[in-house]
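I have placed the structure first, in the form of structure tokens, so that the comments after it can refer back to it.
The values are calculated or read from the model by the stated rules, or taken from the named source; none is laboratory data. Everything quoted here is computed from the prediction, not taken from an experiment. Glycine gets a Cβ as well: all are built from the backbone with ideal geometry, and neighbour counts include every protein chain shown.
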Amino acid sequence: MATDATDAVFSPVVAPTTLEETVERLGSAIRAGLLPAGRRLPAERELAEQLRISRSTLRQALGALADSGHLVATRGRGGGTFVVDAPPLGGRGSGTALPADWRDRVAVRRVHEVGVACLAAERAAADPAGVAAGLEGLDAQVAAMAGATDFAAYRRADVALHVGLAELTGVPALVLRAAELQAEATDLIAQIAHPRAVLTHSNAEHRRLLAAVGRGDVAAAVRTMRRHLAGTEHVLAGLAPA
């Protein structure tokens, strides 16, 4: 019979960032030993119903955790999705544990980037022509991430997009701070794996963000940026070294 703690692991996911929260939920449970080595997860249909997420989202989350070395899927009689015998201490980075204040750092970045998204959208609404060239350049970074063949290339374009968004505000101090925060974010992200499903989902958020900024929709830009950064926090928590 499942323990109360395990019941909590498989309780419904309620965040708007369902993919990232599912990765965090299962990854954290593996790291904490609530899902021990060799544990077979419920069947896909059953688990999706328990978490109240779509099966396609569940497949993406399980695929991300398989890519990061936390889960393994086997076929045939007795097959299923299992926690690996020796879950990784970290990702494909250095394996160094995240700093104790990493959530504080994420919070500082969230305050900054949500404000940047707000100002960029306000400027786009007031002066569409003035931001058109900048937005075109950011669209090119989204395309670069979509076509990246390794994480280093993806991350370079990712940094350029976030710093470029700050440039759209026309406030030099915000651009400088954006560059500093992206350097900190790179240090944190280096400690985890970078599953393709997570990167693809994140880049889709980039597209939605730029669309909101481009049409001068402040509320949508803020909402999308908050969701995007919440997703990053969930993934860091789920795949972070023990």
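Given the structure, is Ala146 under 20 Å from Ala220 (Cβ atoms), out of contact with any Leu (no Cβ under 8 Å at 6 or more places or on another chain) and not acidic (Asp, Glu)? No: the conditions fail for Ala146. Quick one: in the range 98-116, of everything that is within 21 Å of Pro172 (Cα to Cα) and aliphatic (A, V, I, L, M), which residue is surrounded by the fewest Cβ atoms within 10 Å (Cβ to Cβ)? Across the range 98-116, the extreme among qualifying residues is Val111.
With respect to the conditions (1) modelled with pLDDT of 95 or more; (2) of a type in the set (A, V, I, L, M); (3) out of contact with any Asp or Glu (no Cβ under 7 Å at 6 or more places or on another chain), Ile30 falls short on a single one, namely (1). Residue-level analysis places Asp104 among those that are within 23 Å of Ser28 (Cα to Cα), modelled with pLDDT of 95 or more and part of a helix (DSSP H, G or I).
Residue-wise test of (1) among the small types (Gly, Ala, Ser); (2) in a loop (DSSP other than H, G, I, E, B); (3) on the phi > 0 side of the Ramachandran plot; (4) buried (at least 21 other Cβ atoms within 10 Å of the Cβ).
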{"residue": "Ala211", "(1), (2), (3), (4)": "yes, no, no, no"}
{"residue": "Ala220", "(1), (2), (3), (4)": "yes, no, no, no"}
{"residue": "Arg223", "(1), (2), (3), (4)": "no, no, no, no"}
{"residue": "Gly231", "(1), (2), (3), (4)": "yes, no, no, yes"}
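Condition (residue is within 30 Å of Ala86 (Cα to Cα) and of a type outside the set (Phe, Trp, Tyr)) applied to the range 163-185: is it met by at least one residue? Yes, the conditions are met somewhere in the range 163-185.
Of the residues making up the range 117-154, those that are assigned to a helix (DSSP H, G or I), surrounded by fewer than 16 Cβ atoms within 10 Å (Cβ to Cβ), free of Cβ contacts under 8 Å to residues at least 60 places away in the same chain and not hydrophobic (A, V, I, L, M, F, W, C) are Gly130, Glu136, Gly137, Gly147.
Of Ala197, Ala204, all but one fail to be of a type in the set (A, V, I, L, M, F, W, C), part of a helix (DSSP H, G or I) and in contact (Cβ under 8 Å) with a residue 12 or more places away in the chain; the exception is Ala197.
For Gln182, the requirement of being more than 26 Å from Arg103 (Cβ to Cβ), assigned by TED's automatic domain parsing to the domain that holds Val116 and surrounded by 17 or more Cβ atoms within 10 Å (Cβ to Cβ) is not met. Would you mind stating whether Ala212 is at pLDDT 95 or above and hydrophobic (A, V, I, L, M, F, W, C)? Against the criterion (at pLDDT 95 or above and hydrophobic (A, V, I, L, M, F, W, C)), Ala212 qualifies.
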